[in-house]
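I have placed the structure first, in the form of structure tokens, so that the comments after it can refer back to it.
The values are calculated or read from the model by the stated rules, or taken from the named source; none is laboratory data. As the structure is a prediction and not an experimental result, all values here were calculated from the model. Methodologically, a virtual Cβ is constructed for each residue, glycine included, from the backbone with ideal geometry; neighbour enumeration extends over all protein chains shown. Side chains included, ligands, DNA and RNA excluded: accessible areas come from the protein's heavy atoms. Shrake-Rupley method; radii C 1.70, N 1.55, O 1.52, S 1.80 Å.
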Amino acid sequence: MPEGVVPLEQAHDESLYGSKAVGLGEAARSGLPLPPGVALSGAVVEAVAGGENQAIEEVTKLVRPLGSPLAVRSSAVDEDGAEASFAGQHVTLLNVPGVDAVADALREVWWSANSDSAITYRQRVGLFRRPSVGVVVQSLLDPDCAGVMFTRNPINGADERVIEASWGLGEAVVRTLPEGGTFEEKLSPELAEQLCLDDSQLQDLHVLAGKCEEVYGPDRDIEWAFAGGQLYLLQCRAITRAGSQETSPKGAPVEVVRSVRLFADLDRDEVAQIAGLFKQRRFPKGEIVIKEGSGGAAFYVIESGEVTVSIGGDPRATLGPGDYFGEIALIDEGARIATITASDDLVCYGLTLWELRPLVEENGKIGWKLLQTLAKDLREAEQVIADLREQAPTAGG
């Protein structure tokens, strides 16, 4: 099997396949009802978009068993996570007529991630970097009805299910065309007045919502469809509430940034420069802010609320206002060593390496001070290790 093309249940790495593909992979491994599909890495999608014949042939070979028609869904590496929802920025193509049309569909997805609107959105939410967009290719259902379901009210946060449903594919009244693509069908007056969900189906959706929260955590935005009398999960992501991604026009308060050890040796003007780069982030209770093992490029200082720190699923600490986490990601771009979850509604200031790096590259004095602080931390860590070795019992002692 070619590198970067795997069945959904084998999609584990968000840095390769994106959070949507990995989320669907987790659903498949948990036994949730999914249409069959494969996950393509960002590198494979870019290769196909660039017209590389070998990549096109490999994707064609592995997608062919899915039959036709197909659904081709974007799965950007930083999509549908805690920091921002890319819903509406990257395209989903329904009713792709067959495997021979997949290459063109992947090219369209790749361009949607590199469009002016998507880049502008990345700038606004502090995710301005070269996009890497994976893709999920699945067999397309011919649903009787479809829609979205929120396990908590996305407007006011009330503890209630909110379900939107319509006949067909769930985008207004959308049907598939035999030659590919979709069209809006005018309903008969009788059908327009008829509910598309009965009590039994509503109960099935309620059960699916509970299972999704068991797998992914609370407050989920779920896309679903009924086809042939069976309920299918199409997508599950965290709810993004209106206005939840706010930006502070003045950055973080200087005193907040000065309290961070990494910046403690900078003078006030230098701290003010860095403080101006921070942007306010808000996370609802239960949201995962950073995930153990995922790639990291952002650092956070808590303004209000608390977070739980866990490693390997075990709670290790609680952080509150004035505490910070993720600072090493500003330097080494390495994997996260812990999962940080909002214990209640969280307001913090975030800084990405993409924002800090140009300042450091242009100001050697700031860069040198940051290097000295890191050297001090390393020396202290080495001393702690040396002390522990001296305290350890010797063999035979």
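Could you check how many residues of segment 40-50 are open to solvent by 10 Å² or more (accessible area, probe 1.4 Å) and either closer than 23 Å to S68 by Cβ or part of a helix (DSSP H, G or I) (or both)? Steps first, please.
Just the residues of segment 40-50 that are open to solvent by 10 Å² or more (accessible area, probe 1.4 Å), to begin with: 43-44, 46-47, 49-50.
Now restrict to residues that are either closer than 23 Å to S68 by Cβ or part of a helix (DSSP H, G or I) (or both): 43-44, 46-47, 49.
Final tally of qualifying residues: 5.
So Y300 fits all but one of (1) among the hydroxyl-bearing types (S, T, Y); (2) at pLDDT 85 or above; (3) over 20 Å from the mean Cα position of the chain (by Cα); what number is the exception?
The number of the failed condition is (3).
Considering segment 352-372 alone, what residues qualify as being of a type outside the set (A, V, I, L, M, F, W, C), surrounded by 13 or more Cβ atoms within 10 Å (Cβ to Cβ) and out of contact with any helix residue (DSSP H, G or I) (no Cβ under 6 Å at 6 or more places or on another chain)? Explain how you work it out, then say what you get.
Residues of segment 352-372 of a type outside the set (A, V, I, L, M, F, W, C): 352, 355, 357-358, 361-365, 367, 369, 372.
Cutting the leftovers down to surrounded by 13 or more Cβ atoms within 10 Å (Cβ to Cβ) gives us 352, 355, 357, 363, 367, 369.
Once the filter is applied, which keeps residues that are of a type outside the set (A, V, I, L, M, F, W, C), surrounded by 13 or more Cβ atoms within 10 Å (Cβ to Cβ) and out of contact with any helix residue (DSSP H, G or I) (no Cβ under 6 Å at 6 or more places or on another chain), segment 352-372 yields T352, E355, R357, N363, K369.
Conditions tested, residue by residue: (1) in a helix (DSSP H, G or I); (2) closer than 18 Å to P7 by Cβ; (3) open to solvent by 20 Å² or more (accessible area, probe 1.4 Å).
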{"site": "A21", "(1), (2), (3)": "yes, yes, no"}
{"site": "L24", "(1), (2), (3)": "yes, yes, no"}
{"site": "A27", "(1), (2), (3)": "yes, yes, no"}
{"site": "L34", "(1), (2), (3)": "no, yes, yes"}
{"site": "V38", "(1), (2), (3)": "no, yes, no"}
{"site": "E58", "(1), (2), (3)": "yes, yes, yes"}
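How many of the residues in segment 1-17 are assigned to a helix (DSSP H, G or I) and modelled with pLDDT of 90 or more?
So in segment 1-17, the residues assigned to a helix (DSSP H, G or I) come out as 8-10, 14-17.
Of the ones still in play, those that are also modelled with pLDDT of 90 or more are 8-10, 16-17.
So the count comes out to 5.
Suppose we keep only residues that are small (G, A, S), surrounded by 11 or more Cβ atoms within 10 Å (Cβ to Cβ) and not in a helix (DSSP H, G or I) within segment 198-232. Which one would you say is modelled with the lowest pLDDT?
So, considering only residues that are small (G, A, S), surrounded by 11 or more Cβ atoms within 10 Å (Cβ to Cβ) and not in a helix (DSSP H, G or I), the one modelled with the lowest pLDDT is G217.
Only one of S304, S343, S294 is touching a helix residue (DSSP H, G or I) at 6+ places or on another chain (Cβ under 7 Å), open to solvent by 20 Å² or more (accessible area, probe 1.4 Å) and among the hydroxyl-bearing types (S, T, Y). Can you tell me which?
Numbers: S304 fails: touching a helix residue (DSSP H, G or I) at 6+ places or on another chain (Cβ under 7 Å); S343 fails: touching a helix residue (DSSP H, G or I) at 6+ places or on another chain (Cβ under 7 Å).
When all the criteria are applied, what remains is S294.
Among the residues of segment 79-108, which ones are at pLDDT 90 or above and among the β-branched types (V, I, T)?
Within segment 79-108, V96, V99, V102 meet the criteria.
Would you mind stating whether P321 is out of contact with any strand residue (DSSP E or B) (no Cβ under 6 Å at 6 or more places or on another chain), more than 23 Å from I239 (Cβ to Cβ) and open to solvent by 20 Å² or more (accessible area, probe 1.4 Å)? If you could, list the steps in order and put the result at the bottom.
Details: out of contact with any strand residue (DSSP E or B) (no Cβ under 6 Å at 6 or more places or on another chain): no; more than 23 Å from I239 (Cβ to Cβ): yes; open to solvent by 20 Å² or more (accessible area, probe 1.4 Å): yes.
It is false that P321 is out of contact with any strand residue (DSSP E or B) (no Cβ under 6 Å at 6 or more places or on another chain), more than 23 Å from I239 (Cβ to Cβ) and open to solvent by 20 Å² or more (accessible area, probe 1.4 Å).
Contact list please: Cβ distance under 8 Å, first residue in segment 136-160 and in contact (Cβ under 8 Å) with a residue 24 or more places away in the chain and open to solvent by 20 Å² or more (accessible area, probe 1.4 Å), second residue assigned to a strand (DSSP E or B) and among the aromatic types (F, W, Y), pairs at least six apart or on different chains.
L141/Y232; D144/W167; D144/F226; V148/W224
R122 passes all but one of (1) open to solvent by less than 20 Å² (accessible area, probe 1.4 Å); (2) modelled with pLDDT of 80 or more; (3) charged (D, E, K, R); which number fails?
The single condition R122 does not satisfy is (2).
Can you name every residue in segment 5-18 that is open to solvent by 20 Å² or more (accessible area, probe 1.4 Å) and among the small types (G, A, S)?
Correct list: S15 only.
State yes or no: is L195 at pLDDT 70 or above and either farther than 16 Å from A71 by Cβ or open to solvent by 70 Å² or more (accessible area, probe 1.4 Å) (or both)?
Details: at pLDDT 70 or above: yes; either farther than 16 Å from A71 by Cβ or open to solvent by 70 Å² or more (accessible area, probe 1.4 Å) (or both): yes.
In short, yes.
Does segment 248-257 contain at least one residue that is open to solvent by less than 40 Å² (accessible area, probe 1.4 Å), modelled with pLDDT of 80 or more and assigned to a helix (DSSP H, G or I)?
Within segment 248-257, one or more residues are open to solvent by less than 40 Å² (accessible area, probe 1.4 Å), modelled with pLDDT of 80 or more and assigned to a helix (DSSP H, G or I).
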